[in-house]
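One structure is given here, and the rest of the page talks about it.
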Number of protein chains: 4
Amino acid sequence: MTAAAVQTIPGLLPDIQAEAPQLPIALDEAGISDLRYPITVHLTDGSHHHTVANVSLSVSVAADSRGVHMSRLVELIHDWHRRISVLRFADLLADLAGRLDSDSAYGTLRFPLFLERSAPVTGVGAYVPIDCVIRGGLTGSELTCALSVRVPVQSLCPCSREISDYGAHNQRGSVEIAVDLDPVAHTTALDFETLVVAAEQAASAPIFSVLKRPDERHVTMRAYENPAFVEDITRSVADLLRKDTRIRSGHVHVVNEESIHSHNAYATTTWRR
Amino acid sequence: MTAAAVQTIPGLLPDIQAEAPQLPIALDEAGISDLRYPITVHLTDGSHHHTVANVSLSVSVAADSRGVHMSRLVELIHDWHRRISVLRFADLLADLAGRLDSDSAYGTLRFPLFLERSAPVTGVGAYVPIDCVIRGGLTGSELTCALSVRVPVQSLCPCSREISDYGAHNQRGSVEIAVDLDPVAHTTALDFETLVVAAEQAASAPIFSVLKRPDERHVTMRAYENPAFVEDITRSVADLLRKDTRIRSGHVHVVNEESIHSHNAYATTTWRR
Amino acid sequence: MTAAAVQTIPGLLPDIQAEAPQLPIALDEAGISDLRYPITVHLTDGSHHHTVANVSLSVSVAADSRGVHMSRLVELIHDWHRRISVLRFADLLADLAGRLDSDSAYGTLRFPLFLERSAPVTGVGAYVPIDCVIRGGLTGSELTCALSVRVPVQSLCPCSREISDYGAHNQRGSVEIAVDLDPVAHTTALDFETLVVAAEQAASAPIFSVLKRPDERHVTMRAYENPAFVEDITRSVADLLRKDTRIRSGHVHVVNEESIHSHNAYATTTWRR
Amino acid sequence: MTAAAVQTIPGLLPDIQAEAPQLPIALDEAGISDLRYPITVHLTDGSHHHTVANVSLSVSVAADSRGVHMSRLVELIHDWHRRISVLRFADLLADLAGRLDSDSAYGTLRFPLFLERSAPVTGVGAYVPIDCVIRGGLTGSELTCALSVRVPVQSLCPCSREISDYGAHNQRGSVEIAVDLDPVAHTTALDFETLVVAAEQAASAPIFSVLKRPDERHVTMRAYENPAFVEDITRSVADLLRKDTRIRSGHVHVVNEESIHSHNAYATTTWRR
């Protein structure tokens, strides 16, 4: 039989991944990472967003199985890439576990979501990028699902304002919020927007992509009127979200890209219902 | 008059950017960079692609003008973001120069383009990300326009193959091709695909997102049959493209992420018609 | 009193961080991150290494304390930057907790360590960069200390080798090993080198910075003789290290920068004594 | 003869790089990049600094030579890594051209330099990282040598200050200055520090790693008193440096990480003596 003939008959090529491993050690995960793929994200408000994701997909590997057929993971995301949503993420994971015949399946999608924001005075609209993550795991019927956002904000230092005769240092910062969804409640409408709003409320001022002069005046004065340390912002976010029954546990990580230093300041807190 | 009243009357706020600068020095460019924005790219084959761009836009600043009204640059990309193409990039730049009343306008859009590739034996399809750049400048009616691609490829070392009894080290590499389009010819159909094909032909083997076993066999053997140093790949790309009359000048930069080192090997060449 | 006079009398400026916060929520951590600093690392073999670290330092914040005096964290690393070691990391953390009067102190130092490696045949020497992390936490007298390495290696695909008549795809990969040190045993000599050696043994071949032709032949053939999936490498590392009584728990994360794809393959496993 | 015997006799292995290439096209450069290496930088003030460099080294390749013996480039940097300086960079390049028997040799070293800065009121000292680049080329006896710095600074927006009743948005920015040294004058003492001082003078305020409260008050008020657009900072740097006869040409690129946006503002200018 010619090489060409072999190539057309997959079954004749040995399946090395299906062999027993030399060391019978179970693996938490084996899969693919850093796959960039175009996706369409469907939000609970009915909107859909074309964006680009960094994709990781994996499955657990039993102690008697050598390896994973990685190509099936890419086929899975190709089949699903136009219908990504929080609500259907469990279905994606179930499909993944089935295709690989594995006990557990895991997936992480990282992508920017572009939310339209209107300038506060003139109302001019433009998109602000919000880095989002959907992360999930399915073991049998047990589902975990986590959402994260990284929201750019402005923060103005309360100490600098108080000790100076005029001015106050302020800077770009980011509010990262990661929440584990309650599996029972998770079919209800918690979405990225809820987290973004909490981040923007807690900061000295939200960030916009277009600001005309009256808007710039408004934002400058709003930040000066709402000074906040990273510690303050972290607490405010936790306070705004920890009553939400759809969230089982949450983690807040606020970073200030200090304008007076070349390093950052940060604070974190965690809660669990 | 109240603050709120001032805020609704932009004309009453002083226009600091329009002042004369303290130092009468002309600036090559002033503008915005690292603006992430959703875009739709229209290719010359009629296809359109939703993706995410990193956007820079700028204008020249005369020696008697203090600064640029940056918000207008964001408004411009918002107006244009669904109709990005090589053919209309001159129009985008003319619009930019007009809005800012500047002699020169510049724009750079960097974005991944997802091209569908079929596995060589089984034909299974999936997207491969190609990093692309459109860069242009317009001064009066003089237009420059450059396209770049960064194409992931596989390269197999000819030396390693020759000096070893079996095997040969191979690795992921990238072929970066940047070409200045001839302004007269540039309305014809040169497109990213032409550059991508040259890169893939010059390498030991193209890269795919899905490969089933017969495909993996095919690609492994193809790479072994086509060993190529970074120097070889660089020359092949130049040879394939330097006859193209639509290209005024070209630059090739091939990088091998050497599997036997943690540093890279690279080669570059340049041509001009 | 003049502004200049105030500036020379720190005590007269209000201490905003010492105020009570509006929301009495305890914070896990508040501190600094992404501070780049020159450091000298002292290893257990008596050698010392000048390198550059990315530094994070933080303390816990009680519910009745508004914020952290961040400048003290920079002063601490300045005082310690020439005497960084695993053995004295607890002392650094105790000093940190003391200066900030906090219940808990945390520190993370990320830095490349340059280990000399001799080419396998010719013996020519050069440095290979190993990304290392020391991470620790101290709450009262309770210490946690973790070491991580990210070791560049070569891996050669067993499937590709088996199904092809000649050749086999191989690539640069990285083996990340993170271990929690046993607090009792941690004064003994576990060091980065132990982890690096395990990573290099588990891979198809180690990576070198200089290879002359006879070395390249040796490494090419060694990799071909030792094909290993990411799953195989992950298991081998765990097998080599899980008996080490100085390690309380370990996590292995192997990534292959697949030469036939532009995405990566990975596998992970975890153990606990 | 056994394989082991071959391995000990390099001369017996074929020299593939020395072959004639299939396509007789000259290459601008072929070499290595992204090699991380420990280096010691010797400044013209007599100080020396241990740091970590990202190294690129290359040579031109004639049309009748297939490839470069890359291992020699790593051997070169290993031999030179403890004696890096602007004054001796020409010697390093001459050594490189000689070892590879090439017409032209090129080298680029990128590294952070840690300069001690004292807080403006309390005088507390700590290091500030400055990203530096030495880049050079040698063709025969013709030398080009360029220095770059990227200096973190604070900038405060003049427009925001003017149109607001209180406060003004400010942010971290960076001033990148790249200068080609005059080859005749280049043995005199132009050094990174000259460029850093120009950047810090042009900004609203320099950046420090440690600021106690009186320092923070000082810096906050200094920035408010010195508002500057990216356009203003760019012009100031050019004005400060363009009279320097040691500089043949210069390029300034100022970036503001706008605290009110998640994109940046930038300006550039170029001069030539």
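The values are calculated or read from the model by the stated rules, or taken from the named source; none is laboratory data. Not measured: the values here are computed from a predicted model. Counting neighbours? That spans all protein chains shown, and the Cβs are built from the backbone with ideal geometry, glycine included. Side chains are part of the model used for accessible areas, which takes the heavy atoms of the whole protein and leaves out ligands, DNA and RNA. Shrake-Rupley method; radii C 1.70, N 1.55, O 1.52, S 1.80 Å.
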Mind listing whichever residues of the stretch B:75-94 are part of a helix (DSSP H, G or I) and open to solvent by 20 Å² or more (accessible area, probe 1.4 Å)?
B:E75, B:H78, B:D79, B:A90, B:D91, B:A94
Out of curiosity, is D:S118 away from chain A (no Cβ under 11 Å), in contact with a strand residue (DSSP E or B) (Cβ under 7 Å, 6 or more places away or on another chain) and surrounded by fewer than 19 Cβ atoms within 10 Å (Cβ to Cβ)?
yes
Need the failing condition index for A:L147 against (1) within 13 Å of chain D (Cβ to nearest Cβ); (2) touching a residue at least 60 places away in the same chain (Cβ under 8 Å), just the number.
(1)
How many of the residues in the stretch D:13-38 are of a type in the set (G, A, S) and either more than 9 Å from every other protein chain (Cβ to nearest Cβ) or buried (at least 22 other Cβ atoms within 10 Å of the Cβ) (or both)?
4
Condition check: at pLDDT 95 or above and closer than 18 Å to D:A238 by Cα. Does B:D79 satisfy that?
no
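Tell me whether the stretch A:98-105 contains one or more residues that are in contact (Cβ under 8 Å) with a residue 24 or more places away in the chain and within 14 Å of chain D (Cβ to nearest Cβ).
The answer is no; no qualifying residue exists.
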Exactly one of (1) closer than 21 Å to D:R213 by Cβ; (2) at the interface with another protein chain (Cβ under 7 Å from one of its Cβ atoms); (3) assigned to a strand (DSSP E or B) is unmet by C:R66. Its number?
(3)
Test for C:A267: is it open to solvent by less than 10 Å² (accessible area, probe 1.4 Å), within 14 Å of chain B (Cβ to nearest Cβ) and out of contact with any Pro (no Cβ under 8 Å at 6 or more places or on another chain):
no
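Tell me whether the stretch B:123-138 contains one or more residues that are under 25 Å from D:P21 (Cα atoms), more than 9 Å from chain C (Cβ to nearest Cβ) and of a type in the set (A, V, I, L, M).
Scanning the stretch B:123-138, I find no residue that is under 25 Å from D:P21 (Cα atoms), more than 9 Å from chain C (Cβ to nearest Cβ) and of a type in the set (A, V, I, L, M), so the answer is no.
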Odd one out for C:V41, checked against (1) open to solvent by 40 Å² or more (accessible area, probe 1.4 Å); (2) in contact (Cβ under 8 Å) with a residue 40 or more places away in the chain; (3) not polar (S, T, N, Q)
(1)
Out of B:R110, B:R66, B:R72, B:R135, sole residue that is of a type in the set (K, R), open to solvent by less than 40 Å² (accessible area, probe 1.4 Å) and under 30 Å from D:W271 (Cα atoms):
B:R66
Determine whether B:S56 is closer than 30 Å to D:C157 by Cβ, open to solvent by less than 30 Å² (accessible area, probe 1.4 Å) and among the polar types (S, T, N, Q).
yes
